[in-house]
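One structure is given below, encoded as structure tokens.
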């Protein structure tokens, strides 16, 4: 087992990883930007090393400085968390080249699944159902039209090397295709230095269902119960839960077979999450794979009792998975709410400043708070707006809904604006209460109604 691990991240996920390292008796090394020198992850780590200025490119994306910190500290492994360099092929390669273990999949796997078109084809070859669309890359309008004529409209143009919504365009008819293809391709070229495109059929009234899978070096595979992440805004998840309403044990086993097949086909190592769209008939279609730990992994931990960060570290150290599939049992229901430093009343404008007072209601059974907040903490404008995750577990979904409402209601953060009141309203929505929502519900139905209830001066 490793004696020392560097955590190449910040905020709540860095704190989360450091806590598990402490419980495993492994020394932790934090990295930080000059803006984060007083942050919680710096305070609780065994060592902390500054890696650059406030902007991510100068610090948390500064590969050379992070590697130097790892070598200087004598760290044997690096855990990247999520975001920043977690899915950066070059960084994963550099880590391995200097003799440090990467706690995640092999670089070639990250590269393969990071290219959305290649990932589709790999999954198709593995027998995983994919969203109808192009086979391989689309290089020009004429190729795009051929695919469009076959699958019909509406469709979605996507940059093969894309992310963050760049190089994406919805096309609702043939008259739009030429202009939007050129726009998307130009944006992809400017954003990623790669103008390869692919096309997916736009599926309506679908849910975002995902499943996390582990595979160790010796080929043992386990999957976790599915998560419903359909409540989204701008393709960003807002509330997540496990298990998903309407997913039967038989459907779960079917999904498990699919992700197991995919993990074996890829010779995958460590953990990843395969994201699916579920149509109204209950069929699942591969969307993409995230080759890292997910933000929403706590709901899986809550319903299984497993520490997924610990499993990651054990697998990276060359150990076999300590559990088999029969050990992974769904117990109860878990819901996670993302707390962000934003102003939902003002088009979700980010908020920054000093935390004057914070109360996170950690008491009571089945309540978990993943956050790096403390009184006097400074919320920086340079990083992602998420400042905490409020997670609950109960015997059933109805009870879990009441519990998460109570937790959100008791949460107090002063000094910066947060999404708390927006989340309270969302949790109180009858359709959310019943679990009757798809990926478009929040943006197209809930938000317009909620906006109408706001005072005119907001």
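The values are calculated or read from the model by the stated rules, or taken from the named source; none is laboratory data. Computed from a predicted model, the values in this text were never measured in an experiment. No Cβ is skipped: glycine too gets one built from the backbone with ideal geometry, and neighbour counts run over all protein chains shown.
Please find, within the range 351-369, the residue that is farthest from the chain's Cα centre (by Cα) out of those that are crowded, with 16+ Cβ neighbours inside 10 Å and outside any loop (DSSP other than H, G, I, E, B).
358
May I ask you to verify whether residue 16 is in contact with a strand residue (DSSP E or B) (Cβ under 6 Å, 6 or more places away or on another chain), in contact (Cβ under 8 Å) with a residue 40 or more places away in the chain and not assigned by TED's automatic domain parsing to the domain that holds residue 386?
yes
Each row is one residue, and each column tells you yes or no for (1) crowded, with 22+ Cβ neighbours inside 10 Å; (2) modelled with pLDDT of 95 or more; (3) assigned by TED's automatic domain parsing to the domain that holds residue 255; (4) in contact with a helix residue (DSSP H, G or I) (Cβ under 9 Å, 6 or more places away or on another chain).
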{"residue": "297", "(1), (2), (3), (4)": "yes, yes, yes, yes"}
{"residue": "302", "(1), (2), (3), (4)": "yes, yes, yes, no"}
{"residue": "308", "(1), (2), (3), (4)": "no, yes, yes, yes"}
{"residue": "317", "(1), (2), (3), (4)": "no, yes, yes, no"}
{"residue": "327", "(1), (2), (3), (4)": "no, yes, yes, yes"}
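Among the strands (runs of 3 or more DSSP E) lying completely within the range 1-68, list those that include at least 2 residues that are closer than 19 Å to residue 104 by Cβ.
4-7, 27-33
Could you pull out the residue among 382, 437, 422 that is in contact (Cβ under 8 Å) with a residue 40 or more places away in the chain, out of contact with any strand residue (DSSP E or B) (no Cβ under 7 Å at 6 or more places or on another chain) and part of a loop (DSSP other than H, G, I, E, B)?
382
If we only count helices (runs of 4 or more DSSP H) wholly inside the range 106-192, which ones have 3 or more residues that are at pLDDT below 95 and within 24 Å of the chain's Cα centre (by Cα)?
116-125, 174-192
For the list (1) under 25 Å from residue 81 (Cα atoms); (2) free of Cβ contacts under 8 Å to residues at least 40 places away in the same chain; (3) within 25 Å of the chain's Cα centre (by Cα); (4) surrounded by fewer than 15 Cβ atoms within 10 Å (Cβ to Cβ), I need the number of the one condition that residue 444 fails.
(1)
Give the number of residues within the range 19-54 that are under 21 Å from residue 387 (Cβ atoms) and either touching a strand residue (DSSP E or B) at 6+ places or on another chain (Cβ under 6 Å) or in contact (Cβ under 8 Å) with a residue 12 or more places away in the chain (or both).
Within the range 19-54, residues that are under 21 Å from residue 387 (Cβ atoms) and either touching a strand residue (DSSP E or B) at 6+ places or on another chain (Cβ under 6 Å) or in contact (Cβ under 8 Å) with a residue 12 or more places away in the chain (or both) number 19.
Take residue 336 and tell me if it is assigned to a strand (DSSP E or B), at pLDDT 95 or above and not assigned by TED's automatic domain parsing to the domain that holds residue 14.
Yes; evaluated as a whole, the condition is true for this residue.
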